[in-house]
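Engineer: To start, I am sharing the structure in question, which I have written as structure tokens.
The values are calculated or read from the model by the stated rules, or taken from the named source; none is laboratory data. Since the structure is predicted, the reported quantities are computational estimates derived from the model, not experimental observations. Quick reminder, even Gly has a Cβ in these numbers, built from the backbone with ideal geometry, and neighbours come from all protein chains shown. Only protein heavy atoms, including side chains, enter the accessible area calculation; ligands, DNA and RNA are left aside. Shrake-Rupley method; radii C 1.70, N 1.55, O 1.52, S 1.80 Å.
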Amino acid sequence: MRITVYLTDNRPDPWIEGLKAELPDAEIEAWRPGAPQADHAVVWAPPQQFIDEQPALRGIFNIGAGVDALLKLRIPTSTRIVRLDDAGMSVQMAEYVCHTLIRHFREFDAYEADAREGKWSYRRPKARSDFPVGIMGLGVLGERVAKAVAQFEFPVLGWSRSPKQIEGVRVFSGEAQFDEFLSSTRVLVNLLPLTEATRGILNRETLGKLRPEGYLISIARGAHLVEDDLIPLIDGGQLAGATLDVFQVEPLPADHAFWRHPRIVVTPHGSARTLREESIAQIAGKIRAMEQGLPIAGVVDPVRGY
């Protein structure tokens with residue numbers, strides 16, 4: 001069995017060493033133009049040339065949860081695209097969302113500002129019932145985030161393309177229930193996959209349907225947000241603010257207005273990082289299962305986009 005590795009913006013050597021430890025009988029090496037045909041590939045954002053030169057791949061294993069970059073390529077229908085199920089990312093997402101939510105709810109940003117000026121301040125406690133948290137996207141990551149938020153006794157809502165049941169979460173599904181989900185939500189967390197149907201889904205119209213003084217936590221893909229719509233919504237009072245981890249252009253340009261807005265928090269696409277050891281173990285396990293003809297989780301439907 002031959003495995004080829006192509007990782008844009010990542011050194012392939014540690015991945016190759018880890019995969020060799022997990023799959024000692026496999027031939028594993030970094031891809032180069034003209035390389036021999038491989039059975040499987042481990043990738044992040046490969047070019048079309050890579051796909052064109054490897055038409056016999058049975059499986060392409062993405063080292064992240066989002067596969068939108070892969071779906072832009074022309075990939076043979078016989079090749080299965082496989083994403084990571086979790087590999088340590090869901091707990092990081094849950095940490096990020098809970099930290100951001102509680103910082104906003106408890107007004108810790110205002111306390112920090114007062115402390116810098118030497119002010120001993122007090123703010124009246126708010127009711128959690130007034131801060132329903134809506135999670136858009138209820139896959140592995142979204143479900144973990146929803147359950148984590150529920151532990152802090154906030155009302156938790158969820159919306160997904162198809163119906164789901166999650167204990168402690170009021171779930172909405174499909175276009176028919178989207179507006180009801182939005183109007184019931186005060187803090188909106190976006191964890192949707194990026195598809196043509198979800199591109200630009202965070203816009204003036206949808207964000208304007210949130211409960212008064214809504215708050216946005218955007219941690220999926222930058223293309224979900226129509227960036228020009230956000231600041232007018234905040235300055236107009238429809239939104240209380242936003243925390244953004246993903247952007248249309250990354251790194252976020254130094255002259256972008258988001259850096260300077262007092263009610264927008266910017267983080268550098270770090271809400272969840274791929275954990276190499278966990279990811280390698282998961283990918284190797286799926287390759288072994290595929291070789292044995294067994295079913296695996298995380299196979300992407302190119303039509304749905306996830």
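Engineer: Considering only residues that are without any contact (Cβ under 8 Å) to a residue 40 or more places away in the chain, among the hydrophobic types (A, V, I, L, M, F, W, C), under 28 Å from Pro212 (Cα atoms) and outside any helix (DSSP H, G or I), which ones fall in the stretch 234-249?
Structural biologist: Of the stretch 234-249, the ones without any contact (Cβ under 8 Å) to a residue 40 or more places away in the chain are 234-239, 242, 244, 246-249.
This time we only want the ones that are among the hydrophobic types (A, V, I, L, M, F, W, C), so: 234, 239, 242, 244, 246-247, 249.
Next, from what is left, pick out any that are under 28 Å from Pro212 (Cα atoms): 234, 239, 242, 244, 246-247.
Scanning the stretch 234-249 gives Leu239, Ala242, Leu244, Val246, Phe247.
Engineer: Another question, then. Within the stretch 142-158, count every residue that is open to solvent by 30 Å² or more (accessible area, probe 1.4 Å) and not charged (D, E, K, R). Steps first, please.
Structural biologist: So the first thing to find is which residues in the stretch 142-158 are open to solvent by 30 Å² or more (accessible area, probe 1.4 Å), and the list is 143-144, 147, 150-153, 155.
Keeping just the survivors that are not charged (D, E, K, R) gives 150-152, 155.
Of the residues in that region, 4 qualify.
Engineer: Of all the residues that make up the stretch 250-281, how many are open to solvent by 40 Å² or more (accessible area, probe 1.4 Å), under 25 Å from Val91 (Cβ atoms) and outside any loop (DSSP other than H, G, I, E, B)?
Structural biologist: Residues meeting the conditions: 5.
Engineer: Run down Leu216, Leu233, Leu244 and say which single residue is in contact with a helix residue (DSSP H, G or I) (Cβ under 8 Å, 6 or more places away or on another chain) and closer than 13 Å to Arg186 by Cβ. Working first, answer last.
Structural biologist: Working: Leu233 fails: closer than 13 Å to Arg186 by Cβ; Leu244 fails: closer than 13 Å to Arg186 by Cβ.
The match here is Leu216.
Engineer: While we're looking at this one, here's another question. Restricting attention to the stretch 87-94, does a residue exist that is open to solvent by 40 Å² or more (accessible area, probe 1.4 Å) and not acidic (Asp, Glu)?
Structural biologist: yes
Engineer: Within the stretch 282-291, track down each residue that is over 23 Å from the mean Cα position of the chain (by Cα) and surrounded by 17 or more Cβ atoms within 10 Å (Cβ to Cβ).
Structural biologist: Matches in the stretch 282-291: Ile287, Met290.
Engineer: In the list Thr195, Thr185, which residue meets the criterion of being modelled with pLDDT under 95 and either within 24 Å of Gln248 (Cα to Cα) or buried (at least 22 other Cβ atoms within 10 Å of the Cβ) (or both)? Before you say what the answer is, go through the steps one by one.
Structural biologist: Values: Thr185 fails: modelled with pLDDT under 95.
Being modelled with pLDDT under 95 and either within 24 Å of Gln248 (Cα to Cα) or buried (at least 22 other Cβ atoms within 10 Å of the Cβ) (or both) holds for just one of Thr195, Thr185, which is Thr195.
Engineer: From the list Asp130, Asp109, Asp52, Asp85, which one is closer than 23 Å to Pro14 by Cα and either over 24 Å from the mean Cα position of the chain (by Cα) or of a type in the set (D, E, K, R) (or both)?
Structural biologist: Values: Asp130 fails: closer than 23 Å to Pro14 by Cα; Asp109 fails: closer than 23 Å to Pro14 by Cα; Asp52 fails: closer than 23 Å to Pro14 by Cα.
Every option except Asp85 fails the conditions.
Engineer: Yes or no: the stretch 104-120 includes at least one residue that is at pLDDT 95 or above and in contact with a strand residue (DSSP E or B) (Cβ under 6 Å, 6 or more places away or on another chain).
Structural biologist: yes
Engineer: Something else: What number goes with the only condition from (1) within 17 Å of Gly66 (Cα to Cα); (2) open to solvent by 10 Å² or more (accessible area, probe 1.4 Å) that His224 does not pass?
Structural biologist: (2)
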